[in-house]
1. How many nm is it between the label spots at residue B:135 and residue B:42, if each spot is 7 Å from the Cα in line with the beta carbon?
2. Between residue A:36 and residue A:56, with labels modelled 7 Å along Cα→Cβ, what's the label distance in nm to one decimal, could you check?
3. Which whole number gives the average, over all residues in A:47-53, of C-beta atoms from other chains lying within 10 Å of the residue C-beta?
4. Could you check the simple spin-label distance between residue A:99 and residue B:63, using points 7 Å along Cα→Cβ, in nm with one decimal?
5. How would you classify chain B from its alpha-carbon gyration tensor, with a ≥ b ≥ c the square roots of the eigenvalues: rounded for a/c under 1.5, else prolate if a/b is greater than b/c, otherwise oblate?
6. What FRET efficiency would be calculated for the residue pair residue A:29, residue B:11, taking the C-beta separation as r and a Förster radius of 35 Å, to the nearest 0.05?
7. Take every residue in peptide B:57-64, count the Cβ atoms of other chains within 10 Å of its Cβ, and give the average of those counts.
8. What is the list of residues in the stretch A:23-42 whose amide nitrogen lies under 16 Å from a point 7 angstrom out from the Cα of residue A:15, following Cα to Cβ?
């Protein structure tokens, strides 16, 4: 019953969303832009978690819900599972995706405008805006499953640029009150 | 015959209540739905050793009153569906089927970007789908 959309449409939509919020709506306050994007992700994650938990038995504890996010939810969204899940057993989970699909087409431009910032941190800064939406999706999905939490993401410290393409491993860390 | 279906959110707030008979008092049906919420909470917190496993979504017959039977269903996102029926012999499979279709309609209604989570469901499409499911419930159990 669902209709399909091409993946390039999704990529364009996400790129345009980040561009509009950063350059048009909240051009002077990137923190507000980030929060708006994260809020959009929250609503999307909320609704997606309803849909993807439809035919499953209920979860018995938090770990089951996190494993659902890592396996089924991630496969529905990104056609792969989370590569590595770590926890400190005190309310923090770290999900590592070695090739995050939505960042896989972003290229690193080696030309530097003014030379004050090195290209790696500029690239990291630009990429981080694209990570607020998936953080919001995870936060929305988990809070709909009954786990209020805070989600942050960062590009992990692996080799940044190779042949102008940024390898896109990222870590999402989920913190919730135990 | 189904007299009432209800969707109740995870804070026990009503999201959708629809009664399908004019004869019965709507207030009485609302009261029955409200009482059944306690039974749902009890079933979830104290699972019986026999029969129901902890993580099944379909909760089965919640409690029979003098004229009605009340069935419950709890989703992963702690949303409860309540079904009130006057049928005397209702097959388990029919009710499960009903709840499956009802869940699908609910998911579609909630995926509406204009729907605010936690507020009542106001979509006419959802209401139509629910009344179709209710009508076909009667047919399938008769056949």
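Nothing in this text is a laboratory measurement; each read-out follows from the coordinates by a stated rule. Owing to the predicted nature of the structure, the values given are computational and were not obtained by experimental measurement. All Cβ positions, glycine included, derive from the backbone under ideal geometry; neighbour counts span all protein chains shown.
1. With each label placed 7 Å out from Cα toward Cβ, I get 3.8 nm.
2. If labels sit at residue A:36 and residue A:56, their model points lie 3.3 nm apart.
3. Mean partner-chain Cβ count within 10 Å for A:47-53: 5.
4. So the two model labels end up 5.7 nm from each other.
5. The shape class here is rounded.
6. Computed FRET efficiency for residue A:29 and residue B:11: 0.55.
7. That works out to 1 on average.
8. The answer is A:23, whose backbone nitrogens lie closer than 16 Å to the label point.
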